[in-house]
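> Structure below; questions to follow.
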């Protein structure tokens, strides 16, 4: 398995295919309509301007999973915090793909000088809870009944992790496009 930075043109179609079942058949994502490859390519390009979007690929199968970071909130005081997400093709679950993606993603986020990472997990989702805890994240709160999908109100458990202790004032984060990371 190889992990690399996503390429919007080359990877968007496969990423869209991986994500589609999470939207159409599950409650992991609160999206109700799966994005097209074109929409996914736009998301990848927009994300890569500030934070990483990584793909895991198998030599024979191609892209088998992806992970990315995004702004935690838009207000400037939140700029040291990011949210992270990971999606893995169902055939590759429980084979270390998600954890490998997250380990590489978190290493890059540290180099970018981010201080905090957060992740929201729709409940129940034991596998995702285990994955996030395996990289050092801790449960910090639950939004009870925050999302509605497939005729039910669902809660989201929030996980967080401090990447580093910041200086005062903190060093500015470095945009991914300026980091020169691959």
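The values are calculated or read from the model by the stated rules, or taken from the named source; none is laboratory data. As the structure is a prediction and not an experimental result, all values here were calculated from the model. Positions of Cβ are backbone-derived with ideal geometry, glycine not excepted, and every protein chain shown enters the neighbour counts.
> Quick one: which strands (runs of 3 or more DSSP E) sit completely within the range 21-94 and have at least 2 residues that are touching a helix residue (DSSP H, G or I) at 6+ places or on another chain (Cβ under 9 Å), modelled with pLDDT of 95 or more and closer than 25 Å to residue 166 by Cα?
Once the strands (runs of 3 or more DSSP E) in the range 21-94 are filtered for at least 2 residues that are touching a helix residue (DSSP H, G or I) at 6+ places or on another chain (Cβ under 9 Å), modelled with pLDDT of 95 or more and closer than 25 Å to residue 166 by Cα, what remains is 62-71, 81-88.
> If you check residue 105 against the conditions, is it within 22 Å of residue 47 (Cα to Cα), part of a loop (DSSP other than H, G, I, E, B) and touching a residue at least 24 places away in the same chain (Cβ under 8 Å)?
Criteria not met by residue 105.
> Determine whether residue 98 is assigned to a strand (DSSP E or B), free of Cβ contacts under 8 Å to residues at least 60 places away in the same chain, over 21 Å from residue 170 (Cβ atoms) and in contact with a strand residue (DSSP E or B) (Cβ under 8 Å, 6 or more places away or on another chain).
It is false that residue 98 is assigned to a strand (DSSP E or B), free of Cβ contacts under 8 Å to residues at least 60 places away in the same chain, over 21 Å from residue 170 (Cβ atoms) and in contact with a strand residue (DSSP E or B) (Cβ under 8 Å, 6 or more places away or on another chain).
> Can you tell me which residue among 147, 136, 155, 141 is in contact with a strand residue (DSSP E or B) (Cβ under 6 Å, 6 or more places away or on another chain), in a loop (DSSP other than H, G, I, E, B) and surrounded by fewer than 17 Cβ atoms within 10 Å (Cβ to Cβ)?
Of the residues listed, the single one that is in contact with a strand residue (DSSP E or B) (Cβ under 6 Å, 6 or more places away or on another chain), in a loop (DSSP other than H, G, I, E, B) and surrounded by fewer than 17 Cβ atoms within 10 Å (Cβ to Cβ) is 136.
> Quickly run through the range 139-157 and pick out the residues that are touching a residue at least 24 places away in the same chain (Cβ under 8 Å) and in contact with a helix residue (DSSP H, G or I) (Cβ under 9 Å, 6 or more places away or on another chain).
157
> Working only within the range 122-133, note down all residues that are surrounded by 15 or more Cβ atoms within 10 Å (Cβ to Cβ), within 24 Å of residue 104 (Cβ to Cβ) and free of Cβ contacts under 8 Å to residues at least 60 places away in the same chain.
Matches in the range 122-133: 129, 131, 132.
> Select from the range 56-77 the residues that are buried (at least 20 other Cβ atoms within 10 Å of the Cβ) and under 11 Å from the mean Cα position of the chain (by Cα) and list them in ascending order.
Residues satisfying the conditions are 65, 66, 67, 68, 69.
> If you check residue 113 against the conditions, is it surrounded by 13 or more Cβ atoms within 10 Å (Cβ to Cβ), more than 12 Å from the chain's Cα centre (by Cα) and at positive phi?
yes
> Moving on. Please find, within the range 158-182, the residue that is surrounded by the fewest Cβ atoms within 10 Å (Cβ to Cβ) out of those that are outside any loop (DSSP other than H, G, I, E, B) and touching a residue at least 60 places away in the same chain (Cβ under 8 Å).
So, considering only residues that are outside any loop (DSSP other than H, G, I, E, B) and touching a residue at least 60 places away in the same chain (Cβ under 8 Å), the one surrounded by the fewest Cβ atoms within 10 Å (Cβ to Cβ) is 177.
> Something else: Across the range 19-48, what is the total count of residues that are in contact (Cβ under 8 Å) with a residue 60 or more places away in the chain and more than 15 Å from the chain's Cα centre (by Cα)?
3
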